[in-house]
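So the structure is just underneath, and the comments pick up after that.
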Amino acid sequence: MAAKTDYAVPPGSFLREWLDDNNKTQQELADAAGLSRKHISELLSGAATLSPEVAAKLSLVTGYSIKFWLNAEAVFRADLARLAFEEQLAAHAKELPPTVTSFLRKQGFIKGTLREPGRLVWEVLAFFEVGSWKALESRFAAPAAAFRQQLSHDVSWPAVATWLRVGEIESHRRSQDFPQYDAGKLRSIAAELPKLSSLDPIEYRRQVGEKLTRAGVELLYVPEVPGCRAHGATSWVGGRPRIQLSLRGRNDSQYWFSLMHEIHHVLNDRHDDLLLQGPAESKDDPREIAADTYARNSIISQRDAARLGSLRTPSDAVNFARELGIAPGLVVGRLQFDGHWKYQQGHHLFRDVVSAVG
């Protein structure tokens with residue numbers, strides 16, 4: 001696809017080149033083509049539309065095909081329409097959240113900046129596959145509308161919509177075949193997943209993806225968009241569940257909690273719901289309460305959790321984790337969450353999962 005320009009080239013530009021190359025005057029061309037001198041002048045300036053009949057006449061005189069002239073006319077008119085639309089869109093450029101446009105540039109989805117405001121908005125519309133600013137506003141608001149109760153005011157819904165859209169694009173790029181979703185198989189797999197946490201993050205990331213795929217579940221890792229504040233999301237596409245994780249928080253404790261939280265949504269909630277997990281989700285939503293409980297108990301059972309209060313040192317946490325067959329960071333995360341340890345304690349036992357994900 002040709003690069004977009006900030007100008008439109010009329011077919012007359014090519015006609016002028018032909019006149020110069022062949023030492024012809026406008027009048028000579030008009031006489032040869034059976035057109036008026038005024039018509040030739042308007043073609044040169046772009047004021048006149050180049051019709052199929054005129055294209056045929058110019059083809060006979062210049063040797064350039066009819067298709068060439070009609071294509072030049074079509075491109076010219078398309079560029080005029082695009083530039084006029086970009087001029088309208090430019091008024092909205094400063095309404096775009098800078099954090100969103102910066103993220104999209106860094107990820108290679110757009111190139112535009114505020115120096116070319118119309119093109120910037122055009123590229124964002126194209127990213128979301130919408131044709132108007134009003135439609136873009138609807139896309140920005142869609143995640144909020146999916147919730148019974150709104151999340152924290154600190155959440156940027158345009159950022160959430162952008163993060164979800166990147167997931168859609170990444171899923172499409174994969175073009176991966178999945179077996180039919182099997183809830184029973186997912187339930188069995190989920191029960192064993194936390195045991196993988198003791199492996200290197202790169203390895204368990206690979207194995208988690210493979211195991212979920214066998215149950216017909218798609219797993220995506222999408223970098224967090226500033227302001228999104230989501231740890232994970234669950235959605236259904238064509239009858240297939242999709243889990244999307246941002247790796248917000250970076251550590252393995254948050255990774256495994258988020259993963260198991262989203263698996264609960266897949267297993268237990270309506271297939272037409274979009275569900276987001278973030279630091280500020282409504283604590284009154286029974287779906288989120290149930291997913292949190294499932295995640296905690298899947299990693300450390302209620303029976304084992306009763307022993308957490310006796311753990312005093314990092315060595316205690318490491319030994320307890322070894323006994324359970326999970327990574328020490330998961331034990332530390334639970335100790336901190338339950339209030340047994342301060343949030344400054346045991347941080348060296350967390351492992352960074354962001355560097356393990358490409």
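What follows is calculated from the coordinates using simple rules that are stated; it is not laboratory data. Note that this is a predicted model, so its numbers are computed, not measured. Neighbour counts are summed over all protein chains in view; Cβ atoms, including those assigned to glycine, are modelled from backbone coordinates with ideal geometry.
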Segment 239-339 - Kirkwood radius from inverse mean 1/r over Cα pairs (Å):
14.5 Å
Cα shape, segment 1-71, gyration tensor, a/c 1.5 rule:
prolate
Cross-link reach list, lysines versus residue 134, counting only Cα pairs under 18 Å and skipping chain neighbours closer than eight places
94
Angle between the chain longest axis and helix 328-337 axis [Cα atoms, degrees, rounded to 10]
80 degrees
Angle check, please: helix 252-268 long axis (alpha carbons) against the longest principal axis of the chain (alpha carbons), in degrees 0 to 90, nearest 10.
80 degrees
Which semi-axis lengths, in whole Å and largest first, follow from the square roots of five times the eigenvalues of the Cα gyration tensor of segment 91-145?
17, 13, 10
Which residue, 26, 244, 88, tops the fluctuation ranking in a GNM of the chain built on C-alpha contacts under 10 Å?
26
Mean separation of Cα contacts under 8 Å, 6 or more apart, over the residue count of segment 218-283: relative contact order %:
39 percent
Build a GNM of the chain with springs between Cα atoms under 10 Å: which of 225, 208, 121 gets the top mean-square fluctuation?
208
Using a cut-off of 20 Å between alpha-carbon atoms, which aspartates and glutamates can reach residue 106, once sequence neighbours fewer than 8 places away in the same chain are excluded?
95, 116, 123, 129, 168, 170, 224
If each DSSP helix of 4+ residues adds -39,500 (n - 2.57) and the sum is divided by the residues in the chain, what number results at 222 nm, nearest 500 deg cm²/dmol?
-17000 deg cm²/dmol
Relative contact order, percent, of the chain when contacts are C-alpha pairs under 8 Å separated by at least 6 residues?
12 percent
Contour minus end-to-end for residue 66 and residue 306, with contour as 0.36 nm per residue of separation and end-to-end as the Cα-Cα distance?
78.2 nm
Which of the peptides 154-162, 39-47 is most tightly packed, and how do the rest follow, judged by the mean count of other Cβ atoms within 10 Å per residue?
154-162, 39-47
What list of whole percents do you get for P(r) of the chain, with Cα-Cα distances grouped in 10 Å bins up to the one holding the largest distance?
5, 20, 22, 17, 12, 9, 8, 5, 3, 1, 0
Need the list of lysines near residue 38 for cross-linking: C-alpha distance under 27 angstrom, and skip anything on the same chain fewer than eight residues off.
24, 57, 67
When segment 159-356 is reduced to its Cα atoms, the Kirkwood hydrodynamic radius in Å:
17.2 Å
